[in-house]
Amino acid sequence: MEKGAGSPSVGGSYPQKNAEILSSQYGINLFLAGLLLTFAWAVHAVGISKSHLLSYLITLMLIQLLWMLWYLCRSCTQRRLIRDKDTHAGARWLKCGITLFAVITLILDSFKIGYYVDFSNCLSPTEGIFPVTHAVHTIVQVYFLWCHAKDIIQSFKTLERFGVIHSVFTNLLLWTNGVLTESKHQLNEHKERLITLGFGNITIVLDDHAPQCNCTTTTLCSIFSQGIYYLYPFNIEYHILASTMLYVLWKNIGRKVEHHQQYKTPFKFHGITVGMIFGLIVLTSTIAIVVVYLIQIGRSKIKSELALTMFYLHAIFVLALMCTAGIVALLIYRLEDRSLDNSKNPARKLDAELLVGTAAGSWLLSWGSILAIICAQAHPKYTWYNLPYSALVIIEKYIQNLFIIESIHREQEKVNDSIKTLRIVTISRGSTLSLSPSYKEVYNGRAAVDGREVPCLFKGGICGRENDAAGGAAKEETSQENSSVMHSASDFSFYSRNSATNNKRRILKNIAAFLFLCNLSLWIPPAFGCRPEYDNGLEEIVFGFEPWIIVVNLAMPFSIFYRMHSAASLFEVNCKT
C-alpha cells in the first residue's frame, strides 16, 4: 500500500513519515475537540450538556471498535504468516495489570448502569448508553492488547496508523473524562474539610451535576453513587495504561527490527525477602494511615490537624527511606562497569519520557507548597511538616527517575556458554582423571585444595593431560601440577568476583522490590481521596482558592499516574536485574 519508487531508504521512508505526521495531527485535533467539549460541560457553557460530551465519546469508541474488529478479523485470516514482534512491548505483567484495572472498570460500568436505572426519569439516554458501550469497548480492547500489543505492522500501514492513533486519543479523552468527574467529587468534600479547619470565608459554590429528581431505590442509589467514586482511580489507570500500550504499537508501525536472541526475565521472589518485608510494612502502614485520615479529616479542627500531621510524618519517613535506597542503588551502579543499551526502542523511550514528564506534576505541587510556606503570614503548626515533605518529594523523584532510567538502559549480563558446560576434573598423583567435588561446591568456593588433589575448571579443553608413558618424567608431572594450580587460582578468583556480583545484584533486586511496594503505597493516598494539597488550607490563602484548585486538578492526575508507572517500571527492573 505504501510502495515508493527509487531507493528503499528514500522512497519507502518518505510516505511513512508523511503518514505518521498526518495521523498524529488527526489524533491531536480529535483530542483537542474532546477536551474543549469537556471543559465547556464542566463550566456550564451555554448550549453544552453532558449528553453532548457522552455522545462524542460514544462515537469515538464505536469507531475504535470497528477498527479493532477489522484488525482482529484480518489477523485471523493471516495467522499463518510470520510477523515481526517487539519483545520489549506489551510485557505479560503489564497485560495482567491492565486486565485487573479493566475488570474493576467493568464493575464501575455496571454501577453506572444501575445508577442510570434508578435515576432514569431525569437522566439523558446517553448516560445509559455510555456505560454499555464503554463495557464492550473495554472487553474488546483488552483482548486486542493481549493478542497484538507486540505487533510490528508492515501492511496497510497508513490505515493502521490512523486506527491506532484514534485509539490512543480516545483512551486519553476517556481518561480526561474520568479525571474531571472524580475531581468534581473531590472538590465538594474538600470545601467541607476546609470549613472544619477554620477557613470559613470560602464562598465558591461547587456543583457535581447531581440529578434533579428522586431516586427510585434510595439504598441502591447511595451504594452506586458512593461506589462509583471509589472505583474511578482504577478506571483512570486503565485508560492511561491502554493509551501508552497503543502508542508503542503506533510507533512500531513499519519499524525494522534487528533479530537477536532475547533473554526471558521472569519475576522471582527468591532473594528479595528483605525488600518485600520492608515494602509490605510500608504498604500496610500506609493503608492504615489512609483509613484513619479519611475518618478523622473534616470531623473537627483538632482531628483534622492531627490527621494532617500523621500523614506528613509517615510520608516523610517513607520518602527518606526511598531516597536512601535509591542512593545505595546508584552507588552500586557507579562501582560496576557495564555498558548501556542505546538501541532504538519505542517502549523504553516512552517509559523514560513518562517518568520525567509525569513527575513534573508533583514537582509543581511541591514547589507551590514550599512557596506558600515561605510567603504565608500565619503558620499553623501542622503546616511546617509540609516543608520537609515537599522537599523530599522533589528529591526522591530525582533519585528514583535516575535509578529507573539507568536500570532499563543497562545491558543484561549474558551467561557464557563455556561456563554453562563446565567440566571439572582433578589431576591426581596416580596420573588418572577423576571427578572433583561437585559444581556447587566449587562455585561456592568450598572445594578442598590440598597437596594431593587440585580441582580445575575447564573452558572447552582439558587443562592437564594424562601421562601415558609408564615412566613419565617428574618434570612433566611438576609442570602439569603447576599448570592446574594456576588454572584453579584463576577460576576461584573468577568465582569470587562472580560472588561479589551476585551480592550486588541481590541488593539491587531488594531495593527494586522495596521501591516497587513503596510506590504502590504512595499511589493509594491521592487515588482514594487522601490529598493534603487540598486539605491543609495554606496554599489557598497564598494563591487564592480557585487558582490553587486549578493547579491541583491539573497536576494531581499526573502525580497519581507517576506512582503507578514507577511501580510498573520497578517491577521490570526487578525482573531484569
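Worth pointing out:
- Karplus-derived 3J(HN,Hα), 6.51/-1.76/1.60, for each residue of segment 319-324, Hz, glycine and proline x: 5, 5, 4, 5, 4, 4
- Stretched out straight at 0.36 nm per residue, the stretch from VAL43 to ASN18 would grow longer than its current Cα-Cα span by 5.2 nm.
- Amide H contacts of ARG410: ASP341, each under 5 Å away and 5 or more positions distant or on a separate chain (H built 1.01 Å from N in the peptide plane; Pro and chain starts excluded).
- Peptides 113-119, 275-281 ordered by average Cβ neighbours within 10 Å, highest first: 113-119, 275-281
- Considering all C-alpha pairs of segment 56-155, those separated by over 21 Å amount to 47%.
- Under 18 Å from a label point set 7 Å out along the Cα-to-Cβ vector of LEU62, the amide N atoms of segment 119-136 belong to 124-136.
- Long pairs among LYS157/LYS509; LYS184/LYS397; LYS184/LYS303, criterion Cα-Cα beyond 30 Å: LYS157/LYS509
- Pairs exceeding a 29 Å alpha-carbon distance, out of LYS17/LYS85; LYS112/LYS251; LYS150/LYS504; LYS256/LYS504: LYS112/LYS251; LYS150/LYS504; LYS256/LYS504.
- Computed from backbone phi with θ = phi - 60° and the Karplus coefficients 6.51, -1.76 and 1.60, the 3J(HN,Hα) list for segment 51-62 is 5, 5, 5, 5, 5, 4, 5, 4, 4, 4, 5, 5 Hz; x is used for glycine and proline.
- Surface calculation, 1.4 Å probe, protein heavy atoms: ILE297 sits at approximately 10 Å² accessible.
- Each residue of segment 163-179 was assigned a 3J(HN,Hα) from its phi angle through the Karplus expression (A = 6.51, B = -1.76, C = 1.60, θ = phi - 60°), giving x, 5, 5, 4, 5, 4, 7, 5, 5, 5, 5, 5, 5, 4, 4, x, 4 Hz with x at Gly and Pro.
The values are calculated or read from the model by the stated rules, or taken from the named source; none is laboratory data. Note that this is a predicted model, so its numbers are computed, not measured. Here Cβ is always computed from backbone atoms with ideal geometry, including for glycine, and neighbour counts include all displayed protein chains. Note: accessible area is taken over every heavy atom of the protein model, side chains too, but ligands, DNA and RNA are not part of it. Shrake-Rupley method; radii C 1.70, N 1.55, O 1.52, S 1.80 Å.
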